[in-house]
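The values are calculated or read from the model by the stated rules, or taken from the named source; none is laboratory data. What you are looking at is a predicted structure, and each value in this text was computed from that prediction instead of being measured. Note that we place each Cβ from the backbone using ideal geometry, even for glycine, and neighbour counts take in every protein chain shown.
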Amino acid sequence: MRSHLLNDATAEQYRRSVTEGVERVARKLATTRRPFTGVTPDDLAPLVSAVDLDQPLGDTTAALDELEELYLRDAVYFHHPRYLGHLNCPVVIPAVLGEAVLSAVNSSLDTWDQSAGGTLIERRLIDWTTERIGLGPSADGVFTSGGTQSNLQALLLAREEAKTDDLTKLRIFTSECSHFSVQKSAQLLGMGRSAVVSIPCDRDKRMQSVVLAAELARCAAEGLVPMAVVATAGTTDFGSIDPLPEIAALAAEYGAWMHVDAAYGCGLLASPTRRSLLEGIERADSVTVDYHKSFFQPVSSSAVLVRDAATLRHATYHADYLNPRRTIEERIPNQVDKSLQTTRRFDALKLWLTLRVMGADGVGQLFDEVCDLASEGFDLLAADPRYDVVVRPSLSTLVFRYVPGAVTSPEEIDRANLHARKALFASGEAVVAGTKVDGRQYLKFTLLNPETTVRDIAAVLDLIAGHAEQYLGENLVHAS
Ligand SMILES: Cc1ncc(COP(=O)(O)O)c(C=O)c1O
């Protein structure tokens, strides 16, 4: 069994094994014609259940053959130009290389004595990001597992900085379009979901700052404490960016912590042409960035950044076995002092290699391309009588709905859209997402692949219309 341990004696086997795995994936990527096979849980579950985990195959090739059947054959492939579903990006090769290096070396970024240079590399990237945001000289931050964790940590700091310990009095203000991790965080932080005040959005799906002002005033008048305002720079559905300067001014007026959830919009930090869309982000107390959304990084890669490094102390505990206080006096850098996690992946390495190979402009150009594509896609949808499209995108999502020419009930249109999404997924020809707007069923393209073309968008719109029409046709036949 020792032959499976990665060490000096097995370096050659490591090379062979990993190369064999890389070969399989490379072949798959080169020959995948659809983003999905349409496999169902009922198809796959018996195959996975049938594997006897107590009977090892003992052989890499056999294990990879099995994996081909259980996973690789039917995986959802984000690199395919017709994967237009959730906020998953195709990944850049330098980052995948980073992934291979970081898992083999297996540093843990909690303490210097488990990572050495890894800690310094992560710190440089945090500084690079805070500089791009403009958070000032006292800024700091830490890599996290994703936007959900980044938002949770930011709100934890906000709660600890709040002017009262009475959790029942604390309120968080965020738009109706913000990510559900804000509500989850409120619950995890002991405040309950009712602590979140939902602010309506305008027609462009941006938080209405006038309503925010009124709600902050109401809250103050009722003796409640405005703990935080969470602005979103790139909402999950619409890519809309809240009016950051107005929100910053209001947060300052009421002494509330300003958090900007830029999980999606952070790609603008690298954009050579669109950085100005984030104006006002530099006034935040904390910011979430998800490199695994708009920096073309593999999952996971995210960070929470703060204006004032001292606020990170709210996540600090000292343990004799890990990060004793003396390490501060000895000036030994320990990232665990800033993190909710203990053992933590060296995800930063992926971004490091990406910047060292491609440069920030290279990443930003890719994000610009998908934003341009979304703009063209909007024009296509707006000119297509079969579709109703919600807003002109600031980033790279399109939310739309098939609307048949003949008069049909809104409920029937909902069902036709839902059916089209499911039928498309089952066919595997394209993957699109869905959401609700004003209670009605809509479809969504999240465009994060620069290889996707306007022709792909047009073709997928035809496929959707075909499925929806077929559904409506069949239903008419059944009804008559
Ligand atoms: C705006 C926004 N914030 C936070 C998140 C959560 O990020 P993660 O899935 O990395 O936890 C998402 C995910 O889509 C998001 O769109």
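Sort out which residues of the stretch 112-140 are on the phi > 0 side of the Ramachandran plot and either in contact (Cβ under 8 Å) with a residue 12 or more places away in the chain or under 23 Å from the mean Cα position of the chain (by Cα) (or both), and write them in order of number. Correct list: Gly134, Gly136. Of the residues that sit in the stretch 435-478 and are basic (Lys, Arg) and farther than 13 Å from Leu381 by Cα, which one is nearest to the chain's Cα centre (by Cα)? Per the criteria, the residue is Lys436.
When the residues of the stretch 331-350 are filtered to those that are of a type in the set (A, V, I, L, M, F, W, C) and surrounded by fewer than 17 Cβ atoms within 10 Å (Cβ to Cβ), the one that is farthest from the ligand (Cβ to nearest atom) is Ile332. Taking the criterion of being away from the ligand (no atom under 13 Å from the Cβ) and buried (at least 17 other Cβ atoms within 10 Å of the Cβ), would at least one residue in the stretch 177-186 satisfy it? Yes: the stretch 177-186 contains one or more residues that are away from the ligand (no atom under 13 Å from the Cβ) and buried (at least 17 other Cβ atoms within 10 Å of the Cβ). Please work out if Leu109 is touching a helix residue (DSSP H, G or I) at 6+ places or on another chain (Cβ under 6 Å), closer than 22 Å to Pro333 by Cα and touching a residue at least 12 places away in the same chain (Cβ under 8 Å). It is true that Leu109 is touching a helix residue (DSSP H, G or I) at 6+ places or on another chain (Cβ under 6 Å), closer than 22 Å to Pro333 by Cα and touching a residue at least 12 places away in the same chain (Cβ under 8 Å).
Taking the stretch 225-254 as the range and being hydrophobic (A, V, I, L, M, F, W, C) and within 16 Å of the ligand (Cβ to nearest atom) as the test, the residues that pass are Ala228, Val229, Val230, Ala231, Ala233, Phe238, Ile241, Leu244, Ile247.
Yes or no: Ser150 assigned to a helix (DSSP H, G or I) and in contact (Cβ under 8 Å) with a residue 40 or more places away in the chain? In short, yes. Residues in the stretch 68-106 that are touching a residue at least 40 places away in the same chain (Cβ under 8 Å), over 18 Å from Ser300 (Cα atoms) and not in a loop (DSSP other than H, G, I, E, B): Glu68, Leu72, Tyr83, Leu84. Strands (runs of 3 or more DSSP E) fully within the stretch 255-315 that include at least 1 residues being more than 16 Å from the ligand (Cβ to nearest atom) and farther than 23 Å from Asp110 by Cβ: 257-262.
Criterion applied to Ala231, Ala263, Ala214 was being surrounded by fewer than 24 Cβ atoms within 10 Å (Cβ to Cβ) and either modelled with pLDDT of 95 or more or of a type in the set (Val, Ile, Thr) (or both), and the one residue passing it is Ala214.
Within the stretch 271-289, one or more residues are of a type outside the set (Lys, Arg), surrounded by 16 or more Cβ atoms within 10 Å (Cβ to Cβ), in contact with a Pro (Cβ under 7 Å, 6 or more places away or on another chain) and not assigned by TED's automatic domain parsing to the domain that holds Leu447.
Of all the numbered requirements in (1) under 17 Å from Ser302 (Cα atoms); (2) of a type in the set (Val, Ile, Thr); (3) within 12 Å of the ligand (Cβ to nearest atom), Thr174 misses one, and that requirement is (1). Of all residues in the stretch 269-296, none that is free of Cβ contacts under 8 Å to residues at least 60 places away in the same chain has its Cβ atom under 7 Å from the Cβ atom of a residue that is basic (Lys, Arg) and within 14 Å of the ligand (Cβ to nearest atom), 6 or more apart or on another chain. Number of residues in the stretch 331-347 that are assigned to a loop (DSSP other than H, G, I, E, B) and within 17 Å of Asp320 (Cβ to Cβ) equals 3. Among the residues here, Arg33 qualifies as basic (Lys, Arg) and assigned to a loop (DSSP other than H, G, I, E, B).
Scanning the stretch 218-235 for residues that are of a type outside the set (A, V, I, L, M, F, W, C) and either assigned by TED's automatic domain parsing to the domain that holds Ser396 or touching a residue at least 40 places away in the same chain (Cβ under 8 Å) (or both) yields Gly223, Pro226, Thr232, Gly234, Thr235.
Taking the stretch 316-330 as the search range and keeping residues that are in a loop (DSSP other than H, G, I, E, B) and of a type in the set (Asp, Glu), which one is farthest from the ligand (Cβ to nearest atom)? For the stretch 316-330, the residue satisfying everything is Glu330.
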